[in-house]
1. Exposure proxy check: Y26, Y34 ranked by fewest other beta carbons within 10 Å?
2. So, R0 is 45 Å and r is the distance between the beta-carbons of R118 and L41; what FRET efficiency does that work out to, to 0.05?
3. Which FRET efficiency, nearest 0.05, do Q177 and K27 yield, Cβ-Cβ r, R0 22 Å?
4. Could you give the dipole magnitude of the chain about its Cα centre, charging the beta-carbon of Lys and Arg +1 and that of Asp and Glu -1, in debye to the nearest 20?
5. Tell me the label-point distance for the pair V62, H18, using the 7 Å Cα-to-Cβ offset, in nm and rounded to one decimal.
6. Just want the ordering: W72, W51, W151, from fewest to most Cβ atoms lying within 10 Å of their own Cβ.
7. Within the chain, what percent of beta bridges assigned by DSSP are antiparallel, to the nearest 5?
8. Using the beta-carbon distance between R170 and K95 and R0 = 25 Å, what value does 1/(1 + (r/R0)^6) give for FRET efficiency, to the nearest 0.05?
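Where a number appears in this text, it was derived from the coordinates with a stated rule and is not lab data. Everything quoted here is computed from the prediction, not taken from an experiment. Cβ atoms come from the backbone with ideal geometry, glycine included; neighbour counts cover every protein chain shown.
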Amino acid sequence: MSFNSDANPSSDAKIHYHWSYDAAYYKQVVDRYYRQLPYILHLPVQYTLLWLGSTILFAVLVGPPTLMLGAWALLIGALGIPGLVLLTRQGIALKYRLRTSFGTDVDYFASETGITIREVSIHGTYPWTTYSRAVRFSDGILLLKPGAIRWLPDHALQRGTVDEAIALVRSNLPTRQLS
């Protein structure tokens, strides 16, 4: 990955985003990340499969299922699955709250050469090859690379239009459309 900390984003940047790294932003990041994954990797599906597998294993080890075992299994699943989804999402959000950039403003500039980021802990330009793909949602663009994601919400556009941003991303990355 090539990184240029001396890049001047105003010279060729067509698109400019500005927002704050707050709880609402990170909630969107987590939501959009999980929505773009294959269905089998969505949190409720993962926890349902885990619950189903452990229920079957328990029934096999204990013996023939009884009505009481079935009732307990349904109760545990009905309370446990949504609870685990909520706890997982809150744990991920807590991880973001502990970052030094939480609560600060950020500027992203997109141009033909790449993405320039100006924030508390990152000042530099990343070429489009840094990212492996993009996903277009009805309210923004998710840029993906191994180990990191970048959420560019439409409401944060300061310069350029949504259509220009989409065209720029599509000309540089494989892009999938999700609503």
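1. On the way: Y26 19, Y34 16.
Ascending Cβ contact count within 10 Å gives the list Y34, Y26.
2. Values: r = 33 Å, r/R0 = 0.72.
According to the calculation, E is roughly 0.85.
3. On the way: r = 22 Å, r/R0 = 1.00.
About 0.50, to the nearest 0.05.
4. On the way: 16 positive and 12 negative charges, 90 e Å.
Roughly 440 debye for the chain.
5. The modelled label-to-label distance comes out at 6.0 nm.
6. Placing the least packed residue first, the sequence is W72, W51, W151.
7. Details: 29 of 32 bridges.
So the antiparallel bridges amount to about 90 percent of the total.
8. Numbers: r = 31 Å, r/R0 = 1.23.
It comes out at approximately 0.20.
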